[in-house]
Each structure stands twice: as structure tokens, then as C-alpha cells.
Amino acid sequence: MNYAIRYYSKFGHSEQMAQVVGETLGVKPESVETPLTEDVDILFIGAGLFLAKVNGRVKEFARTLDTKKVKKVVCFGSCALSDSPVPQIRQIFEEQGFNVAVDSFTCRGAMGPWHAGHPDEEDFAALRVFTKKMVEN
Ligand SMILES: Cc1cc2nc3c(=O)[nH]c(=O)nc-3n(C[C@H](O)[C@H](O)[C@H](O)COP(=O)(O)O)c2cc1C
């Protein structure tokens, strides 16, 4: 199985999460600025929320991809106030015709005093479990 990991991360939370996914799978994560040219079975894609929005770079990245080269997309993300950035990430990829996994991963991501310290070790441990589950299916 071939995997790729991409993230958009303003404060490093999604990047840290992508590192955890990458360590679990033995794959080097890259930001959405790095094009994805190889065929992959699963693309892991992560981002946070800013003023209730996922950054437009995620959509720009999705537009560069070929649905024939990416079999499945798995979404992850973090935020401080809302439920999750995942519904927006999911919509971006589904609108482009990608097969997006039903399962996704969300944890809290600090915003000033809100959820300070997150994502933390417990979040990363849960993300490791989630990642293993995604590649077992
Ligand atoms: C300026 C700013 C705006 C934010 N807006 C929201 C928001 O609207 N809703 C929310 O749940 N979290 C919000 N957050 C929290 C971020 O989504 C959270 O810190 C996330 O972990 C950032 O991920 P990143 O570092 O990978 O970009 C905001 C954070 C900042 C600094």
C-alpha cells in the first residue's frame, strides 16, 4: 500500500499531527505546497480552522490531484471552538470527485488560553491508533 500525507498548518498543530501519522506509516509528511504526483492508496490530509474556515490552499491542492491516482482520502484536523474542520475538508475533496473515508480524526488545537497544550500526547496516541486502523481496513 502507498500512502501520502499533506497538511496546511498555520501554528504547527496539523504539522505535528501529520508527523505522528508519518511516523506510524513510515512516510514523510509534506505541506499542501508540495505537489502529489505519485499514485497512492490513501492520502491523509489535515488542517485547522481559522475564523470558521479551512484555508483555501487545501482546495487549491485538491484541484491539482487526479482522482485516478488517489484511491481514498482520509481527513484529520484540529480546532479550538467548533466541532471539527473535517466536514469542510471532506466537502472540498468530495466536490472534486474523491472517495473520502467515512472515518476521520479530530482533536482540540490550542487557540490562546483555549485548550492550551493541545494537540497533546494523549491526542497523538489516539491519532496513532486511528492511523493504524485506517490502513488495516
Ligand atoms: C486567528 C485564529 C483563528 C481561529 N479560528 C478558529 C475558529 O473559527 N474555530 C475554531 O474552532 N478554532 C479556531 N482557531 C483554532 C485553530 O483551528 C487551532 O489552533 C488549530 O489547531 C490550528 O491548526 P494549525 O496550527 O495546524 O493551523 C483559530 C486560531 C487562530 C490563531
Item to complete: Scan the stretch 88-100 for residues that are assigned to a loop (DSSP other than H, G, I, E, B) and closer than 18 Å to K53 by Cβ and jot them down.
Response: Q96
Worksheet item: What number of residues within the stretch 26-55 are touching a Ser or Thr at 6+ places or on another chain (Cβ under 7 Å) and among the acidic types (D, E)?
Response: 0
Worksheet item: Quick check: anything in the stretch 49-61 within 11 Å of the ligand (Cβ to nearest atom) and assigned to a strand (DSSP E or B)?
Response: yes
Worksheet item: Which residues, counting only those in the stretch 115-137, are out of contact with any strand residue (DSSP E or B) (no Cβ under 8 Å at 6 or more places or on another chain) and within 16 Å of the ligand (Cβ to nearest atom)?
Response: A116, G117, D120, E121, E122, F124
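Residue-wise test of (1) at pLDDT below 95; (2) part of a loop (DSSP other than H, G, I, E, B); (3) more than 13 Å from the ligand (Cβ to nearest atom).
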position	(1), (2), (3)
R6	no, no, no
Q19	no, no, no
E23	no, no, yes
T34	no, yes, yes
E38	no, yes, yes
L43	no, no, yes
A47	no, no, no
Item to complete: Within the stretch 65-79, track down each residue that is more than 8 Å from the ligand (Cβ to nearest atom) and more than 12 Å from F98 (Cβ to Cβ).
Response: F76
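Per-residue answers, yes or no, for (1) outside any helix (DSSP H, G or I); (2) in contact (Cβ under 8 Å) with a residue 40 or more places away in the chain; (3) more than 15 Å from the chain's Cα centre (by Cα):
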position	(1), (2), (3)
C75	yes, no, no
S78	yes, yes, no
S84	yes, no, no
V102	yes, no, no
A116	yes, no, yes
F124	no, yes, no
Worksheet item: Could you say whether any residue in the stretch 96-107 is touching a strand residue (DSSP E or B) at 6+ places or on another chain (Cβ under 7 Å), over 16 Å from V20 (Cβ atoms) and within 12 Å of the ligand (Cβ to nearest atom)?
Response: no
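The values are calculated or read from the model by the stated rules, or taken from the named source; none is laboratory data. The structure presented is a predicted model; accordingly, all values stated were derived computationally and were not measured. Positions of Cβ are generated from backbone atoms using ideal geometry, with glycine treated the same way; all protein chains shown enter the neighbour counts.
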